[in-house]
Amino acid sequence: MNRKKGDKGFESPRPYKLTHQVVCINNINFQRQSVIGYVELTIFPSLANLNRIKLNSKQCRIYRVRVNDLEAAFIYNDPTLEVCHHESKQRNLNYFANAYAAAVSAVDPDTGNGELCIKVPSELWKHVDEMKVLKVYIEFSLDQPKGGLHFVVPNIEGSMAERGAHVFSFGYENSTRFWFPCVDSYSELCTWKLEFTVDAAMVAVSNGDLVESVYTHDMRKKTFHYMLTIPTAAPNISLAVGPFEILVDPYMHEVTHFCLPQLLPLLKHTTSFLHEIFEFYEEILTCRYPYAYYKTVFVDEAYVEVASYASMSILSTNLLHSAMIIDQTPLTRRCLAQALAQQFFGCFISRMSWSDEWVLKGISGYIYGLWMKKTFGVNEYRHWIKEELDKIVDYELRTGGVLLHPTFITGVKEKETSAPHLHFSIRHPHTLSWKYYKMFQCKAHLVMRLIENRISMEFMLQVFNKLLSLASTASSQKFQSHMWSQMLLSTNGFLKSISNVSGKDIQPLIKQWVDQSGVVKFFGSFAFNRKRNILELELKQDYTSLGTQKYVGPLKVTVQELDGSFNHTLQIEENSLKHDIPCHSKSRRNKKKKIPLLNGEEVDMDLSAMDADSPLLWIRIDPDMSVLRKVEFEQADFMWQYQLRFERDVVAQEESIHALEKFPTPASRLALTDILEQEQCFYKVRMHACFRLAKIANAMVNTWTGPPAMKSLFTRMFCCKSCSNIVKTNNFMNFQSYFLQKTMPVAMALLRDIHNQCPKEVLAFILDLIKYNDNRKNKFSDNYYRAELIDALTNSVTPAISINNEVRTLDNLNPDVRLILEEITRFLNMEKLLPSYRNTITVSCLKAIRVLQKNGHIPSDPSLFKSYAEYGHFVDVRIAALEAVVDYTQVDRSTDELQWLLDLVQNDDVPYIRHKVLSMLNKNPPFTKNTDSPLCNEALVDQLWKLMNSGTSHDWRLRCDAVDVYYALFGLSRPSCLPLPELGLVLNLKEKKTVLNPIIIPEAGACGQETVGNASVHGLISGFQINEEEHPAKDSVSVGSGVQGIKRKAETPLGSPLEPGQVLEKDEDNKVKLKIKFSNSQEDEEIDMDSVHDSQAFICHQLNILERPSTPGTETPTIENAMISMPAAPLPSLGKESSSSRHGEHHHHHHHEHKKKKKKHKHKHKHKHKHDGKDKEKDMFTFTSSPASGRSLNSPSISD
Amino acid sequence: MTTASVSDTYTPADATCRVSVENVAQKSSSSKASMSPSDNYYLARRRTLQVVVSSLLTEAGFDAAEKAAVETLTEMLQSYLSEIGRSAKVYCEHSARTQPTLSDVVVTLAEMGFNVDNIQAYAKRSQRMVITAPPVTNTPATPRALSTGQKRTHPSYIPGHFPEFPDPHTYIKTPTIREPVSDYQVLREKAASQRRDVERALTRFMAKTGETESLFKDDVSTFPLIAARTTTIPYLNALLPSELELQQMEETDSSEQDDQTDTENLALNMNSDEMSTEKENAMLQQNSGLSNSKSNEEPMIDNPYLRPVKKPKIRRKK
């Protein structure tokens, strides 16, 4: 267990300690998008026989490596470049997930691994034995990096500085290895010297203190020298270079802001608030900001909105806004606050291992929450907590749980222990689905809040202070690098601090929420026992369905009675469902008395609605959200209504608004309307009430009287006194009413009449709002308001009544739709002349057009969206357009569009767009594994597989996105559209171990396959023969297999003749296993995941020899061969030739072979064949006429 | 007799006369159907002139004349007389009078090369014919459309020949007949439709002149969408407020009273703005003097990015 290990302090997985690193980038070429530089790592060996140094490096072309000025040999081996061997025909996600996890851990710095292995020259071995310092010097270059560094080079005239070209580092978790060789671990701290030589008109912003900037001799360039004396992990190193405008914060001169040219006024306004955030954090943490300087850089095409690095943050330029913008302001401030919180926890204090990440994410998220509470108020804070809670609960119940502190017991496969429900490994950050990662952060800060509930905020802050002061003491120990591990935070260290400071045992809490995944699901109902004056509460739990867990412990219940509000703490135990709660008030009504609320306030209530026998007004389960739970509580409608009107907690109000959906009655309507009108009520609650009111109005459409819901209210609040159909000229000084004014029309447009159409009155009303909108006298921009009015128009659209799928033309256009279209056209066109902030109006218009298309009012056509999705539009517009294309793909099942989207994923210049396309495809997949779709074909499977297997190796996040999409489309098992059965079963290792003869192995695989016996396999077997002769034209496949065959020949210790079956694809599936066997026989170990990793690495290593990607120097192949004791790898060219020539000869043997083998499973085949014959018949016939059909006769299924 | 002959020749000429009259009438932009008084006047004058020409012809011994000849001569005479009148008016105005005097006419005639001395003898010649005054003599009513209110008479100290005061409406604030539309609803309605019309016209124009996209394949004109154009730096347009908005903001800012804090911030920002621009200057110009003066101005700001860039050290060769 990690925790035990933590007790002993930090143990480095590396046989050396890094103390200092120099990064020098001499040249940044924007034209060619290349970078040249070197790094120098100062390391102290901690083992006497250190002869190899493993470092992380990806993409970098390494020219030379020197150790203490001696040339050193090195190998470069990155199994993550291609996760599964490209010849492999394996297509199931389980297989991939395992292979990917293995590949990632094979280079994981936290286990002491790395892509780059440097051999310490033998001359230095003595030196090493004396534990003397080694200086590892690596020259490298990057050419058009696809990850790590992002170049933004606008294609216009002028010098690079005039064009606003810039470059910045980016990545997901530890991704620094993408742009320079390093130990890419959060737990390896060292001091840094950073040097960047850039164009004289540009600025290089990086971590630490800018010591000086010096011109080069030709005066055309400048070198920026940075020193970072606080020990920092490589993943926290960053760089941004560009012709930035510089703004020194007027309140704090150590803080400097950078933005792209022309945006300085926006930058000034945007950052004018930052000093308050600083003050807040420093005050609550009673600790100064740890670094001497802080820099914020706003860049275009940012990877994420906020990325925090040591002493600097890289933010998206789209966060900048002017003083006229309302909506973006709180969002941007939140981003700034988040960035700063991560400076303390995440950058300054780093994590010990991945399983400790939750502590850092939790603390930074938690103090960010405190800042929110202070800045935006308790209502906003509680509302946010509720939102976050709902999000995590929803996610966990849907996908099966987020585990904060995964502990890995070696030898046991992860799948069986921690996360059997997920399609990815949670062992590494790089294998996580992005959504999971987001939810992980969300849960982390919620759990921190739970801890605070437990030990009080005061203690909590003391713990933080203690952690920070320990770290800052450690950081000042310049030459005692062993002390630096104090700057690393582990789960255990954190818990220890908590128990030291508070003296409380929070172990049960940690066990419940941190060591175990899942949330609690309560179902509550109650009955009032009049005789005993007791409330009989029944609380059931669902702890069997996905993502749930059982809760045992205290639970707070608040009961509002006539005489006041009373808190009760129930003990939730194993088998007690019913809880008796004594009531304080007699049910007799005392009309004159005011009713005291929880906050001491006393109010008058109209009690006529309530049950005469019961003194209960409302009941709340876990009002403080001190359990990560979902509560479904049943109480009468009047109780919800009382709760909505009189409970002062926004969470309670939200809950009751939510619950009232079930009670579409005039009383509910009245309660909601009252809330809407109440100005003291929190604006987000009122906004929520709008939508709920619309729903209720729709549910009671037959009995609804009076004008459409909200109309008279809106008129009263926002329209002119003299003429009720005309809205007042805009004045957004009061933000609450601004938000309400924005929301109400959107909600109103959801109203439907008895024909399920949006009432004419409402549509006319919204059109009038648009017509009379007048912003001339307003201090603020109305772009968001106008955008929401378009959204309102969109919401009013109902499906067209179509006769015989007639083609949509202008002539049969619905008159209402014509009006809507007119507005949209005008808005969209005006936007070209007077663009709105963040093009919000274009975004809304595009959405509206798509909705009109989808509802059959106008012809469905993706070309408009495609033109808006092009590179060169503002990113929000592109996303909106892409979303429409994704939707079109889903609805119209268009192969072309899907292909177009996937091309974008591969080729777009902006990483964020690539990520977004995949996540949208994931959210709205063109088909799922249970649906039949013409899109689902083998080519697509291959393409996606290639994408996640090798096409996205430059971006962890993107790869995981691709995995998510693959999962959404095909599920965990083999895609059903594939005709070939899968044979190689990696998991089925035991079986293989007994089989020595490699000839039998394919069979063993097949056997294992069948025993799995899930539904999808059925289809695969029968499709077998189709696959064999599948594509005779598919040269690459057969060639590849040939190489494989030869390779195996060379490797197989048995020296058995080349088996005939090798040419066939299903054999290739087994190549992985063969290698495992091979490595086994060499190492004489039991096969477990580790050896699989090794073999994976081995395979990929060989691949590297064959087709070296962008790495490394020319001399390496020979060195590799020398270093790893293995039979020489065959020359690729030879292999290819021979394979193609052999191809024809061998297939006969193969089939013979098969007959024999298949006999064992004869009956099964028959069975399956029957099962699937019908489905596959068509395919079979098409193939029998193919030139290779002769072979199909010999294929196992028929020969059986 | 001679008169009769003239009138004889005249009758058939009526048609052409009428034609020319009609032409004139058209020129004076009156309707053909009903003759306005000014047309009558014109017609009568013309007829008198024709009589004059005819009598002069008789006097010169013609028995008959072609209608075209008479017409031409009439035209000439009319031009001549008009010119005399015009010139005389000019002369009179030149000497700051409104009524021409005899001398004005004399000078005019002299100017036109007419021997004034003979005129008396000519007037008293024996065979001259006396022509009766033209039948229609009512002067055309001057269009009084613009005369509003009472014209002011000259005060006593202004001589009577000076021009009259212009119409009062040209210099006096005249009360309007209709109340301006102050009804809020109508105004808003008007403003809204005006803006909408302008926007629609503008966007239609843009759509007509540029590339468009359409939502309907069969119809490209009803809902023309200006084609999406990519820009090289998309974030600039999307983030920076437009000129219009900036202008609006200035207007509203000046009208609002609650921007004290803003100005404070602004002042502080201004400082740093100066700093950064100065810093750039310093970097570009390598002007150490400037950076010195800068540090004098703002001694408290010490930010590494504001420090001047150092010159490269001259490396000593080892």
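For this structure, a couple of remarks:
- Pairs with C-alpha atoms separated by more than 21 Å, drawn from the list A:Lys521/A:Lys556; A:Lys466/A:Lys504; A:Lys504/A:Lys578; A:Lys684/A:Lys711; A:Lys684/A:Lys832, are A:Lys504/A:Lys578; A:Lys684/A:Lys832.
- Amide H within-cut-off set for A:Val211, under 5 Å, with H built and near neighbours excluded: A:His225, A:Tyr226, A:Met227
- The label point for A:Val211 and the one for A:Leu819, both projected 7 Å from the Cα toward the Cβ, are 7.1 nm apart.
- FRET efficiency, B:Thr98 to A:Leu833 (Cβ-Cβ, R0 51 Å, nearest 0.05): 0.30
- With the simple model of a label 7 Å out from the Cα in the direction of the Cβ, B:Phe162 to A:Lys391 spans 8.6 nm.
- Region B:184-253: C-alpha gyration tensor shape, a/c 1.5 cut-off, then a/b vs b/c: oblate
- Alpha carbon convex hull of region B:38-124, volume per residue in cubic angstrom: 120
- Along each principal axis, Cα extent of region A:529-651, largest first, Å: 49, 34, 23
- For region A:213-348, diffusion coefficient by Stokes-Einstein and Kirkwood Rh (Cα), 37 °C, 0.692 mPa s, µm²/s: 210
- Across A:Lys17/A:Lys135; A:Lys193/A:Lys268; A:Lys435/A:Lys540; A:Lys17/A:Lys119; A:Lys361/A:Lys496; A:Lys443/A:Lys662, pairs whose alpha-carbon gap is larger than 20 Å: A:Lys193/A:Lys268; A:Lys435/A:Lys540; A:Lys443/A:Lys662
A short reminder: the numbers here are calculations on the coordinates, not readings from a lab. This structure is a prediction, so every number in the text was calculated from the model and none was measured. Reconstructed Cβ throughout: ideal geometry from the backbone, glycine too, with neighbour counts over all protein chains shown.
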